[in-house]
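What follows is a single structure, written as structure tokens, with notes after it.
The values are calculated or read from the model by the stated rules, or taken from the named source; none is laboratory data. Since we're looking at a predicted model, the values are computed, not measured. Don't worry about glycine lacking a Cβ; one is built from the backbone with ideal geometry, like all the others, and counts go over all protein chains shown.
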Amino acid sequence: MVATESKSKTVHVLRGGQVTIPIEFRRELGLDEASLVEFRLTNGMLTLQPVETTPKGSEWLHDVYEAFEPVRREIREKGMTEEEVDALINEAFQDVRAELYGNRES
């Protein structure tokens, strides 16, 4: 449950505008790595609020998405664009097709 008393904490703004939500605030709000938050800027005051989500899609698809988290993390760390990732995926598909079906395009 969220407490009603006001609390504050000063944190540094990191590269790319990132900030870390203090652990005691995350715990109180029930936030984890999979949580979504909504930022709101009103009269010069920035607030954030947890966003309740309902799972969409299949559990299988969620499991596949989670299995690729290390790959997504590596892509973010390397600063690759979506186009670069798409090109690498297409190249991998072409390699597999060539291995399975010879050199013909499918």
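Determine which member of the set V2, V37 is loosely packed, with under 10 Cβ neighbours inside 10 Å and either at pLDDT 80 or above or at negative phi (or both).
Working: V37 fails: loosely packed, with under 10 Cβ neighbours inside 10 Å.
The conditions single out V2.
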request  = Scan the stretch 41-62 residue by residue and report those that are surrounded by 10 or more Cβ atoms within 10 Å (Cβ to Cβ) and modelled with pLDDT of 80 or more.
outcome  = T47, L48, Q49, P50
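So is G30 over 16 Å from the mean Cα position of the chain (by Cα), modelled with pLDDT under 80 and either farther than 30 Å from K7 by Cβ or surrounded by 10 or more Cβ atoms within 10 Å (Cβ to Cβ) (or both) or not?
Values: over 16 Å from the mean Cα position of the chain (by Cα): yes; modelled with pLDDT under 80: no; either farther than 30 Å from K7 by Cβ or surrounded by 10 or more Cβ atoms within 10 Å (Cβ to Cβ) (or both): yes.
When the stated conditions are applied, G30 does not pass them.
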